[in-house]
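Chemist: My questions all concern the structure below.
The values are calculated or read from the model by the stated rules, or taken from the named source; none is laboratory data. For clarity, every value in this text was computed on a predicted model and none was experimentally measured. Note that we place each Cβ from the backbone using ideal geometry, even for glycine, and neighbour counts take in every protein chain shown.
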Amino acid sequence: MTREGAGPRAAPRILVLSAPYGAGHARAADAVARAFAAEGAQVEVLDHFVSFLPPAFVRTSLAMFWGILRVAPSLWGLAYEFSARIGPRSPAMAGMDRIGSEGLLRHLEQTRPDAVVHVHPTPAGAMASLRARGATRLPHGIVFTDFSAHPQWIHAGLERYFVPTEAVRAGVVAQGVAADRVVTSGLPVDPTFMTPPNRPALRVALGLPADVPVVLVTGGMRGLLRGVAEACEALAALDRPFVALAVCGDHHRLAAQLRERHGRDARFRILGHVTDMARVIGVADLVVSKAGAMTCAEALALGRPLLLHRSLPGQEQANEAGLVAAGAALRARGARELRRRLDALLAEPELRAALAATARTLRRPEAGRTVAKEMLALLERR
């Protein structure tokens, strides 16, 4: 790329905007940033809320977000459904779809990026409002971090929508977005998930037996881990051989409870914080989790079958519905169905194989590279 009357253009400057509501946005932003950097771009990653909104607002909104999910998750589900009905530009949104726009504009004027990429709908709304009033003409794109075409992700003027599946692409196009602006990129994941591992060798490296199914049990953050304990209970009740890897993260109380409850059962390995989830997911014959988008995307990237339960109302239940409809996952509602599903999946390798085969059709481990190449090509054409 060259500027008129100048020599070769410097490396393009890309601003990636994220959000603090769940770890998935930050992980997607990091994957996108790595991909842009690999293409030679200069990348800045910012949390839109932390950077452009008052600290008191961020603290209060985070406390409300986590509090609702812990105490009354159905309220979050109702809010999710209501926001889908009214859309991002409804007066009922009271401007919440574009908060932080003034701070964002000041940052754009100071740093002069060449393009902006969002991994959350709110910064996309802020950017869209700036473009609508002529404050900026910068191109911008949005990376969906859920497996659904929620209307809050749709904003006027977005040059590109990067979506995880063809079904989500169809949903976005159905809302009036031009088809040539919607790219089925996949959901960006860490580069460690790009290459499926040698699973027999990985079993040996992790000290796991070669002849029984490995079940990874995970699914939560900030204390939202009831599903891990429930899945372990359901597995313990089965009279079948398996090895369960129960990931507790930094939740030491949960780990202690599981060790107390299942520590004498040789089928269970209770893990704390895991730094290399690609290895742990890669070795699994089955991943049992709630439907957090990043966990699901990482499992798909490695072609692993999913059993989803305890998915939170809102985005997660929408993710669950999409992956079940695609045939890459099964869902379990309640303890009885969870036990029944686990029993069937452990008893029938062909059932796991069918889910894994579909997962492999959805895997797009180079999603971040697709986003970077597409946005940089867009700059080339301007």
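Chemist: Out of Leu46, Leu62, Leu78, Leu53, I need the residue that is at pLDDT 95 or above, at negative phi and out of contact with any Leu (no Cβ under 7 Å at 6 or more places or on another chain). Which one?
Modeler: After ruling out the rest, the residue left standing is Leu53.
Chemist: Hey, any hits in the range 141-152 for a residue that's in contact (Cβ under 8 Å) with a residue 12 or more places away in the chain, touching a strand residue (DSSP E or B) at 6+ places or on another chain (Cβ under 6 Å) and either among the polar types (S, T, N, Q) or over 23 Å from Gly95 (Cα atoms) (or both)?
Modeler: No, every residue in the range 141-152 fails to be in contact (Cβ under 8 Å) with a residue 12 or more places away in the chain, touching a strand residue (DSSP E or B) at 6+ places or on another chain (Cβ under 6 Å) and either among the polar types (S, T, N, Q) or over 23 Å from Gly95 (Cα atoms) (or both).
Chemist: OK, next. Restricting to the range 259-280, give me the number of residues that are under 24 Å from Ala23 (Cα atoms) and either small (Gly, Ala, Ser) or surrounded by 24 or more Cβ atoms within 10 Å (Cβ to Cβ) (or both).
Modeler: 2
Chemist: Now a separate question. Does the range 306-326 hold any residues that are of a type in the set (A, V, I, L, M, F, W, C) and outside any loop (DSSP other than H, G, I, E, B), and which are they?
Modeler: Leu306, Leu307, Leu308, Ala318, Ala321, Leu323, Val324, Ala325, Ala326, listed by residue number.
Chemist: Could I ask something else about it? Filter the range 45-57 down to the residues that are within 21 Å of the chain's Cα centre (by Cα), of a type in the set (A, V, I, L, M) and in a helix (DSSP H, G or I) and list them by number.
Modeler: First, pick out the residues of the range 45-57 that are within 21 Å of the chain's Cα centre (by Cα): 45-50.
Narrowing further to those that are of a type in the set (A, V, I, L, M): 45-46, 50.
If the condition is that a residue be within 21 Å of the chain's Cα centre (by Cα), of a type in the set (A, V, I, L, M) and in a helix (DSSP H, G or I), then Val50 is the only one that fits.
Chemist: Residues being in a helix (DSSP H, G or I) and either basic (Lys, Arg) or modelled with pLDDT under 95 (or both): count how many of those fall in the range 327-355. Walk me through it before giving the result.
Modeler: Residues of the range 327-355 that are in a helix (DSSP H, G or I), as a first pass: 335-347, 349-355.
This time we only want the ones that are either basic (Lys, Arg) or modelled with pLDDT under 95 (or both), so: 335-336, 339-341, 352.
Matching residues across the range 327-355 total 6.
Chemist: Could you say whether any residue in the range 87-103 is among the hydrophobic types (A, V, I, L, M, F, W, C), part of a loop (DSSP other than H, G, I, E, B) and touching a residue at least 40 places away in the same chain (Cβ under 8 Å)? Spell out how you get there, then give the answer.
Modeler: First pass over the range 87-103, keeping only residues among the hydrophobic types (A, V, I, L, M, F, W, C): 92-94, 96, 99.
Now drop any that are not part of a loop (DSSP other than H, G, I, E, B), which leaves 94, 99.
Right, trim to touching a residue at least 40 places away in the same chain (Cβ under 8 Å) and you get 99.
Yes, the range 87-103 has at least one match.
Chemist: Scanning the range 104-140 for residues that are in contact (Cβ under 8 Å) with a residue 40 or more places away in the chain and among the β-branched types (Val, Ile, Thr), which turns out surrounded by the most Cβ atoms within 10 Å (Cβ to Cβ)?
Modeler: This residue is Val119.
Chemist: Among Leu254, Leu238, Leu286, which is assigned by TED's automatic domain parsing to the domain that holds Pro349, crowded, with 20+ Cβ neighbours inside 10 Å, at pLDDT 95 or above and on the phi < 0 side of the Ramachandran plot?
Modeler: Result of the check over Leu254, Leu238, Leu286: Leu286.
Chemist: Under the condition of being within 17 Å of Leu345 (Cα to Cα), among the hydrophobic types (A, V, I, L, M, F, W, C) and in contact with a Lys or Arg (Cβ under 6 Å, 6 or more places away or on another chain), which residue from the range 289-325 is surrounded by the most Cβ atoms within 10 Å (Cβ to Cβ)?
Modeler: Leu308
Chemist: Right, here's the next one. Please verify whether Val116 is modelled with pLDDT of 95 or more and in contact with a Gly (Cβ under 9 Å, 6 or more places away or on another chain), treating the condition exactly as stated.
Modeler: Judged against the criteria, Val116 is a match.
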